[in-house]
Amino acid sequence: MLTIEKLTRADIERVKSLSVDDSQLKYVGTTEEILNNLNGSCIPHIIKQDCAIVGFFLLDFNYSESYEFVKENSSIGLRAYLIDAKQQGNGYGVKAVMLLPDYVKSHFPDVSKIYLTVNCKNPIAQNCYVKAGFIDNGDLYLGGAAGPQHIMFLNLR
């Protein structure tokens, strides 16, 4: 069974062992880089298949302060979303994103919308988010280190 959980101290070493596919490193970085650059507004989460950690992501509660395209203070950002390179192709990416709305509603009931940006050169990730109900707002974010990014959102209310 696929589940989403907050990262605990006991999970950190297993998360650091997750591998990022070489083609995705420029978009997400390594898990160690992500964990080393955590700030207080981001809550790290894991994606588990039964007892195995197969993925990782951050929920950023100050996303509206970082990105002017976010108009609602009750919005959060989905960042650093990755599925372990050895686990890709099993459908975990789409399934976990599909679990995200109910997870956020139950754990963070004040959140009204989830935003993310996805690189224009990463159509596989963009398709994953579309399958899970995210909408491309038609605008591009041009401040990304790896080039232009689609701005996507998911309404929770």
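Of all residues in segment 3-37, those that are within 14 Å of the chain's Cα centre (by Cα) and under 19 Å from Asn62 (Cα atoms) total 5. Checked against the criterion of being part of a loop (DSSP other than H, G, I, E, B) and in contact with a strand residue (DSSP E or B) (Cβ under 8 Å, 6 or more places away or on another chain), the candidates Val20, Val15 yield just one match: Val20. Of the conditions (1) closer than 23 Å to Ser19 by Cβ; (2) surrounded by fewer than 16 Cβ atoms within 10 Å (Cβ to Cβ); (3) more than 14 Å from the chain's Cα centre (by Cα), Leu99 clears all except one; give me its number. All conditions are met except number (3). What do you reckon, is Pro44 without any contact (Cβ under 8 Å) to a residue 40 or more places away in the chain, of a type outside the set (A, V, I, L, M, F, W, C) and surrounded by fewer than 16 Cβ atoms within 10 Å (Cβ to Cβ)? Here the answer is no, as Pro44 does not meet what is asked.
Within segment 59-69, the set of residues being of a type in the set (A, V, I, L, M, F, W, C) and buried (at least 20 other Cβ atoms within 10 Å of the Cβ) comprises just one member, Leu59. Note on segment 38-55: among residues that are over 17 Å from the mean Cα position of the chain (by Cα) and in a loop (DSSP other than H, G, I, E, B), the one that is nearest to Tyr92 (Cα to Cα) is Asp50.
Each row is one residue, and each column tells you yes or no for (1) in contact with a His (Cβ under 8 Å, 6 or more places away or on another chain); (2) surrounded by 16 or more Cβ atoms within 10 Å (Cβ to Cβ); (3) free of Cβ contacts under 8 Å to residues at least 60 places away in the same chain.
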position: Thr3; (1), (2), (3): no, no, no
position: Leu25; (1), (2), (3): no, no, yes
position: Thr30; (1), (2), (3): no, no, yes
position: Asn37; (1), (2), (3): no, no, yes
position: Ala52; (1), (2), (3): no, no, yes
position: Phe57; (1), (2), (3): yes, yes, yes
position: Ile76; (1), (2), (3): no, yes, yes
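Just one residue in the set Ile76, Ile46, Ile34 is within 18 Å of Cys128 (Cβ to Cβ) and of a type in the set (Val, Ile, Thr); that residue is Ile46. Mind checking whether some residue in segment 121-140 is under 22 Å from Ser41 (Cα atoms) and surrounded by 13 or more Cβ atoms within 10 Å (Cβ to Cβ)? The answer is no; no qualifying residue exists.
The numbers here are math on the coordinates, done by the rules we state, and not lab data. Keep in mind the model is a prediction, meaning the values are calculated, not measured. Glycine gets a Cβ as well: all are built from the backbone with ideal geometry, and neighbour counts include every protein chain shown.
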